[in-house]
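Here the structure is laid out as structure tokens; the discussion comes afterwards.
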Amino acid sequence: MAKRGGFPGGMPGNMANIMKQAQKMQKQMEEAQKNLEEQEVTATAGGGAVEVTVSGKHEVTKVKLAEEVVDPDDIEMLEDLIMAATNEAMRKIDEASQQSMSQITGALGGGLPF
């Protein structure tokens with residue numbers, strides 16, 4: 001006759017370990033997210049003529065323009081350079097975020113007992 005309730009083979013103990021590991025991973029992810037939000041990355045365009053800094057919160061925190069790039073007769077070029085530098089900075093912060101999270105979730109394969 002089959003036992004009533006529980007899981008055959010001691011599954012409840014394993015489930016408790018899984019829950020502990022999940023809680024630990026959640027805490028690590030929260031810490032990584034906080035650290036990422038405090039980071040800033042900078043990207044340039046036009047050979048350094050335009051420099052844009054973005055925070056981990058995806059907010060532009062600084063724009064620096066070289067004097068020679070500010071040409072009232074060529075506003076479109078300046079707009080393109082600002083856009084290029086901003087997009088590159090956003091890509092960098094996304095890459096840093098993915099790398100940070102993959103370090104935590106990469107442990108899933110060997111860390112959990114299933």
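Filtered by the rule that a residue be loosely packed, with under 12 Cβ neighbours inside 10 Å and either under 19 Å from the mean Cα position of the chain (by Cα) or of a type in the set (G, A, S) (or both), the stretch 56-70 gives a lone residue, E59.
Here is a yes/no grid of residues against (1) of a type in the set (S, T, N, Q); (2) free of Cβ contacts under 8 Å to residues at least 24 places away in the same chain; (3) over 20 Å from Q98 (Cβ atoms):
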site	(1), (2), (3)
Q23	yes, yes, yes
Q28	yes, no, no
N35	yes, no, no
E38	no, yes, no
T42	yes, no, no
D74	no, yes, yes
E79	no, yes, yes
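Here E79 passes the criteria (1) at pLDDT below 90; (2) more than 30 Å from A22 (Cβ to Cβ) except the one numbered (1).
It is to be established whether one or more residues within the stretch 33-45 are at pLDDT 95 or above, over 12 Å from M90 (Cα atoms) and surrounded by 14 or more Cβ atoms within 10 Å (Cβ to Cβ). The answer is yes, given that some residue of the stretch 33-45 is at pLDDT 95 or above, over 12 Å from M90 (Cα atoms) and surrounded by 14 or more Cβ atoms within 10 Å (Cβ to Cβ).
The values are calculated or read from the model by the stated rules, or taken from the named source; none is laboratory data. Bear in mind the structure is a predicted one, so any value in this text is a computation, not a measurement. Because the Cβ atoms are built from the backbone with ideal geometry, glycine has one as well, and the counts that use them run over all protein chains shown.
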